[in-house]
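All remarks here apply to the structure that follows.
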Amino acid sequence: MHQEVEANTGSGYVLLVVLLAAQVSSLLGAIFLPPVFKVIAILLGIIVFVCWWGFYLVNPNQGKVLQLFGRYVGTDRANGLRWANPFYSKQAVSLRVRNFESGRLKVNDSNGNPIEIAAIIVWRVVDTAEAVFEVDNYENYVTIQSESALRNLATSYPYEHDKEDERLSLRSDSNAIAKKLLTEVQDRLQKAGVEVLETRLSHLAYSPEIAQAMLQRQQASAVLAARRIIVQGAVGMVYDALTQLAELGVVELDGERKAAMVSNLLVVLCGDQRAQPVINTGTIY
């Protein structure tokens with residue numbers, strides 16, 4: 001397993017002056033020195049000429065992975081004009097923070113419901129040697145492994161759960177799901193020298209073929225919850241009414257009349273439409 005090491009390179013500005021002086025000196029020597037020394041000057045000039053190919057640039061937030069005939073010799077992260085062995089191959093690796101949005105994946109959640117899900121992954125390279133040598137194409141590797149982790153996460157949790165279900169859900173617990181996605185993606189990308197900075201779900205919905213049915217289910221659940229609150233309030237109001245009537249002695253009702261009053265009050269309080277008042281001019285008995 002390859003780990004990043006610092007390359008032994010030099011400042012290009014210093015070497016630029018040295019090589020320029022050496023090149024001029026070898027040229028003058030080849031012209032004015034005796035024949036024996038001319039050969040040496042010419043050889044020196046050829047060597048200096050080859051050394052000119054050792055210059056390269058390192059931009060901010062960039063590293064150059066250096067190899068000598070297939071052997072990794074180190075990574076240069078020093079910015080500016082640099083110089084190294086002209087026979088080194090130099091591969092640029094960006095250290096900048098990057099992000100991408102996965103495609104909309106169609107998967108089944110833990111309850112078997114087909115859903116569509118997508119996520120945004122923010123990442124950067126922290127080990128250039130692992131990124132270059134441990135995987136074939138680290139950018140493609142990040143994309144595929146991130147989508148694989150997202151697919152696995154989506155199948156492990158339900159889209160939504162009932163109140164009595166203590167499991168996390170993709171819709172209601174988005175922050176916790178994002179943290180779990182970050183952990184899973186980081187585990188998969190560790191070997192590629194990549195650090196995952198942030199993950200966030202960017203799209204979450206039921207698949208079109210069941211979206212209408214699930215919408216009706218959510219609407220029914222909302223109606224039932226509202227009805228439950230209305231009934232609870234109505235029962236309390238009926239109880240208070242009967243209790244106050246009995247305490248104040250306004251009217252004495254037997255069991256049958258109480259049942260009729262309870263029924264009428266519940267109809268009025270729980271009905272969808274306004275009750276039509278009816279005036280009874282006779283006796284209730």
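The values are calculated or read from the model by the stated rules, or taken from the named source; none is laboratory data. The structure displayed is predicted, hence computed values, not measured ones. For neighbour counting, all protein chains shown are included, and Cβ atoms are generated from backbone atoms with ideal geometry for every residue, glycine included. These accessible areas exclude ligands, DNA and RNA; they are computed on the full protein's heavy atoms, side chains included. Shrake-Rupley method; radii C 1.70, N 1.55, O 1.52, S 1.80 Å.
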If VAL135 meets every condition in (1) closer than 17 Å to GLN67 by Cα; (2) free of Cβ contacts under 8 Å to residues at least 24 places away in the same chain apart from one, which number is that one?
(2)
If you go through the range 79-90 one residue at a time, do you hit one that is of a type in the set (A, V, I, L, M), open to solvent by 50 Å² or more (accessible area, probe 1.4 Å) and at pLDDT 90 or above?
no
Would a scan of the range 21-30 turn up a residue that is of a type in the set (Val, Ile, Thr) and either in contact with an Asp or Glu (Cβ under 9 Å, 6 or more places away or on another chain) or surrounded by 12 or more Cβ atoms within 10 Å (Cβ to Cβ) (or both)?
yes
For the range 100-151, give me each residue that is among the small types (Gly, Ala, Ser) and out of contact with any Phe, Trp or Tyr (no Cβ under 7 Å at 6 or more places or on another chain).
SER102, GLY103, GLY112, ALA118, ALA119, SER146, SER148, ALA149
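Conditions tested, residue by residue: (1) more than 29 Å from the chain's Cα centre (by Cα); (2) β-branched (Val, Ile, Thr); (3) assigned to a loop (DSSP other than H, G, I, E, B).
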site	(1), (2), (3)
GLN3	no, no, yes
LEU15	yes, no, no
ALA21	yes, no, no
VAL24	yes, yes, no
ILE46	yes, yes, no
ASN85	yes, no, yes
VAL93	no, yes, no
PHE100	no, no, no
Starting from the range 84-96, take each residue that is within 16 Å of ASN8 (Cα to Cα) and in contact (Cβ under 8 Å) with a residue 12 or more places away in the chain and list its partners that are in a strand (DSSP E or B) and among the hydroxyl-bearing types (Ser, Thr, Tyr), counting only C-beta distances under 9 angstrom and pairs at least six apart or across chains.
ALA84/TYR56; TYR88/TYR56; LYS90/TYR56
State whether one or more residues within the range 38-50 are open to solvent by 50 Å² or more (accessible area, probe 1.4 Å), closer than 23 Å to GLN3 by Cβ and in contact (Cβ under 8 Å) with a residue 24 or more places away in the chain.
no
Are there any pairs, at least 6 apart or on different chains, whose C-beta atoms fall under 6 Å, with the first in the range 99-124 and touching a residue at least 40 places away in the same chain (Cβ under 8 Å) and the second hydrophobic (A, V, I, L, M, F, W, C) and assigned to a loop (DSSP other than H, G, I, E, B), and if so, which?
ARG124/VAL97
Only one of GLN186, GLN216 is open to solvent by 80 Å² or more (accessible area, probe 1.4 Å) and either in a helix (DSSP H, G or I) or at pLDDT 80 or above (or both). Can you tell me which?
GLN216
Has the range 138-157 got at least one residue that is within 14 Å of THR199 (Cβ to Cβ), open to solvent by 30 Å² or more (accessible area, probe 1.4 Å) and of a type outside the set (S, T, N, Q)?
yes
Report yes if LEU170 is modelled with pLDDT under 90, over 10 Å from the mean Cα position of the chain (by Cα) and open to solvent by less than 40 Å² (accessible area, probe 1.4 Å), otherwise no.
yes
